[in-house]
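Contents: one structure, followed by commentary.
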Amino acid sequence: VNDFEHLLYRHRSIRTFKDTPISIPRLKELLKAAIHGTSSSGNLNSYSMILTTSPEQKQKLWKLHLEQDMILEAPCIITFLADFHRVRQWLKKSQARDGFNDYLSYSVAAFDTLLLSQSVALACEAEGWGICYMGTTLYIVEELQGLFDLPPTVVPVTSLVVGVPAEEPAARSRLPLEAYLHEERYHAYDNKRIEELYAERDADFVKRYATNLEILERCKQEGVQNLGQFYTSRLKYYPPHAWRYGEAQG
Ligand SMILES: Cc1cc2nc3c(=O)[nH]c(=O)nc-3n(C[C@H](O)[C@H](O)[C@H](O)COP(=O)(O)O)c2cc1C
């Protein structure tokens, strides 16, 4: 097992942070290294990042990100933006044909941005800091565009909180490699295979919540009997944007 594998196996999302600042100059060195160490489509590097450290901005982000307290605890938050604005300004200045203002370009920029975010995450973890992603970024794209004064073709795709860990959570489980890796062609999953692959995870769910009376009670209220049902219930992924999407679809 090499050093990089050690780093990967040490990974845990960290949501509780010490009241200690992290060095912003050091963070900037890591961001520079992450940009260097990450491939990007056409080397256009169609991303930007916004660093939030001020208590006022953190408070606003906390409100928008469904009040996730890790935002208030962490010394800094990095919002990752899919950004074709900068490239398009460069095209304009170069008197080149305009481009990259379509859905394909958004996807390209979003993928580049996510690749960068994971390099930043690993660089921070290698430094001994803790990180957690915030998927809530996708629920509040328009609000963040307002908060950060984003011009057209700049779209938030994810965020990381970064700080000195104040917890050592147990590793979260993954399915065995065979669950994710197909040889030569795809093999669709039938009930039997799903049962084999998810048995441990399903059992863990029962164990994890068997003693948590509050969650047990809420599961009962919502009719949730297993982990699969939990995921699409009101207790987990039932965000307001899903409602909006549902309504838009009629
Ligand atoms: C794109 C993305 C969005 C996430 N969003 C959140 C979030 O909003 N809040 C949170 O507490 N954890 C969030 N997480 C962390 C996941 O819950 C976590 O990675 C997962 O449970 C596995 O745990 P581990 O990272 O400790 O291995 C997110 C992770 C990813 C990759």
Open item on the list: I'd like to know if region 5-17 contains one or more residues that are more than 15 Å from the ligand (Cβ to nearest atom) and of a type in the set (Phe, Trp, Tyr).
Closed with: no
- [ ] Could you tell me which residue of region 113-169 is surrounded by the fewest Cβ atoms within 10 Å (Cβ to Cβ), considering only residues that are within 14 Å of the ligand (Cβ to nearest atom) and among the polar types (S, T, N, Q)?
- [x] Gln118
Task: Residue list for region 80-108, restricted to those being of a type in the set (A, V, I, L, M), more than 16 Å from the ligand (Cβ to nearest atom) and out of contact with any Leu (no Cβ under 7 Å at 6 or more places or on another chain) - done: Leu91, Ala96, Leu104, Val108
Task: Within region 33-79, tally of residues that are under 20 Å from Val155 (Cβ atoms), of a type in the set (S, T, N, Q) and within 14 Å of the ligand (Cβ to nearest atom) - done: 1
TODO: Starting from region 209-222, take each residue that is within 15 Å of Lys236 (Cβ to Cβ) and list its partners that are hydrophobic (A, V, I, L, M, F, W, C) and part of a helix (DSSP H, G or I), counting only C-beta distances under 6 angstrom and pairs at least six apart or across chains.
DONE: Tyr209/Ile215; Tyr209/Leu216
Task: Residues satisfying the stated conditions in region 73-110, i.e. polar (S, T, N, Q) and surrounded by 11 or more Cβ atoms within 10 Å (Cβ to Cβ) - done: Thr79, Gln89, Asn101, Ser105, Ser107
Open item on the list: Looking only at region 235-250, filter to residues that are part of a loop (DSSP other than H, G, I, E, B) and surrounded by 12 or more Cβ atoms within 10 Å (Cβ to Cβ); which one of those is modelled with the lowest pLDDT?
Closed with: Pro239
Task: Positions within region 188-201 being surrounded by 10 or more Cβ atoms within 10 Å (Cβ to Cβ) and more than 16 Å from the ligand (Cβ to nearest atom), in sequence order - done: Tyr189, Arg193, Ile194, Glu195, Glu196, Leu197, Ala199
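Yes/no matrix, rows are residues, columns are (1) surrounded by fewer than 13 Cβ atoms within 10 Å (Cβ to Cβ); (2) part of a helix (DSSP H, G or I); (3) modelled with pLDDT of 95 or more:
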site	(1), (2), (3)
Phe4	yes, yes, yes
Arg12	no, no, yes
Leu30	no, yes, yes
Ala33	no, yes, yes
Thr38	no, no, yes
Gly42	yes, yes, yes
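The values are calculated or read from the model by the stated rules, or taken from the named source; none is laboratory data. These figures come from a predicted structure and were not determined experimentally. Backbone-built Cβ (ideal geometry, glycine too); neighbour counts: all protein chains shown.
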